[in-house]
1. Alpha carbon centre of the stretch 463-497 versus the stretch 126-191: separation in Å?
2. Over the chain, what is the percentage of antiparallel beta bridges among all DSSP beta bridges, to the nearest 5?
3. To one decimal place, what orientation-averaged projected area in nm² is obtained for the convex hull of the Cα set of the stretch 69-177?
4. What residues have an amide H closer than 5 Å to that of Thr46, excluding those fewer than 5 places away on the same chain, when H is modeled at 1.01 Å from N in the peptide plane?
5. Please list the non-local residues whose amide H lies under 5 Å from the amide H of Ser143, H modeled 1.01 Å from N, same-chain partners needing a gap of 5 or more.
6. For a quick check: with amide H placed at 1.01 Å from N, whose amide H comes under 5 Å from Glu483's, ignoring anything fewer than 5 positions away on the same chain?
7. When a footprinting reagent is the concern and you count Cβ atoms within 10 Å, what order do Arg450, Arg383, Arg99 take, fewest first?
8. Once you keep just the Cα pairs under 8 angstrom separated by 6 or more residues, what percentage relative contact order results for the stretch 69-177?
Amino acid sequence: MRIPIGIDRRAFLALLAAGGAMSTEVRAAPRKGGILRVAAPTNPTTLDPATGSGGSDHVFLYTMFDTLVAFDYATLEPRPGLALSWSYADPLTLVLTLRPGVVFHDGTPCDAEAVKFNLDRNREDPRSNVKPDLATVTSVEVSGPLQVTMKLNQPDTALPLILSDRAGMMSSPTAVKALGKDHDRKPVGAGPWKLVSWEDNEKITVTRHEKYWDPERPYLDGIELTIIQEVNTGLRSVIAGQNDFVYFLSPQQKAVIDRAKNLISVAGPTLYCVQLYINFGRKPMDDVRVRQALNFAIDREEFNKATMAGLSEPATLSLPKSHWAYDPEMAKAYPYDPDKARKLLAEAGYPNGLDLNIAVYSDQRSLQRLEVVIEQLRKVGIRATSFAGTIPQQTNAFFVEKKGDVYLSAWTGRPDPSLTYQLMFGGGSFYNASRIEAVPEIGPALLETRRSEDLSSRKKAFAKLQKIVTENALVAPLVFQFEMDAHTQKVKGYQPNLLGKCKFEFVWLEA
């Protein structure tokens, strides 16, 4: 079996040995009809791709929004989406040729004018959280009824894959103008399904978009995503037949799936990194020595064993070992060294340790991770307190309200690695709680990663960027988590993807 990019081979084989497997099901003669019932562990922050802030939102967004560029599930290579093709007319000009006959859920056309509206809104709207994604775009022009020309301020080879994420999800201009902020809860996209209702923290229901551009899809009449925060409860709901599909399970739950004879497990590699976000714009985290001490204090191997049954990849960088942009030299920067951590704290003026406040999710799995982290930090003199809440609550608290010094959360990965570094460390980026560039070299280094289409040149640029981020300890990665899902026998055609964010576009239900 070929191990896809972004996965540690030994850890993946260990998961297979434990009985997990990537889905290799052949989608033969898919049947139309039926409602897929999904147990979802999170409530979305919003259902507008431009204004939302949670990486877990994507599972909901993918049902309602198509992207300008799609991606291959296993490799994240760009594929045609709402744009049939794209090309660089010159290093500063990207031209998109759009798919004909696409309409939004409200019946209005998804043409070049609509795409320009969306890209301009994503770049300029005060409420947009995807502005950094399009920082290299200076203007968007309608160059034909189905052609859009993007002018750039520097060469940017990451743009096609950037347009496979939130920045490339198209909303109806008519709906956005009419609804304003209400579009957060009443989105109108051009995806396979359209919104029926959102009962906050309870259920999101979507139904078939009858005028979808692909007449063969979607296969499902609709999807009901029931919010069940505890994944153990979500798994039990599938075992009991109340739901058909549950995602974001932990490796420890594989044994439960195996005992339930009516379930099929699906496992796959992802870029999902459990980590400690750091607000490096406030004391004491504005001191690089404190941030470095935090990284030396973490025993990642032990964390993996205690929280992931040893079946995940310990993380020292924001990219996994098999990723093409991974730098093995920088990965050696923070071995577990509590003596070094204590020494750095003393040099920073904290010979007797310090107090940190950690934001965390309130589900059982996250609280278990928190206990392990707190105990490891205690051993070097870091006294940690915490406050818990749902993902939307804690994301808002840490990144908007600036509560907490550290956030035990996760980075869900992006199709192009430049986005990962831009969104977490770029000045003004939402997932950079400080909103500042910790060191002035980050901006130019980020731009350098997007200048060339040559992979070897990009790899060198990423090595420089990773060196800056790592030496300044701007984050504390812990482990890369595998996708683990379970579904009933009647669910067919599901395939995991490297982002670890479920897409149901090819799913169908057996009669």
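1. 25
2. Numbers: 56 of 75 bridges.
Rounded to the nearest five, the antiparallel share is 75 percent.
3. 6.8
4. Amide H to amide H, under 5 Å and 5 or more residues apart or across chains, Thr46 pairs with Ser53, Gly54.
5. Distant-sequence amide H within range of Ser143: Val148, Thr149.
6. Sorted by chain and number, the residues that satisfy this are Gly268, Thr270.
7. On the way: Arg450 23, Arg383 12, Arg99 19.
Fewest-to-most ranking of Arg450, Arg383, Arg99: Arg383, Arg99, Arg450.
8. Relative contact order here is 30 percent.
Every read-out reported here was derived from the displayed coordinates using simple, explicitly stated rules and does not represent laboratory data. Everything quoted here is computed from the prediction, not taken from an experiment. Reconstructed Cβ throughout: ideal geometry from the backbone, glycine too, with neighbour counts over all protein chains shown.
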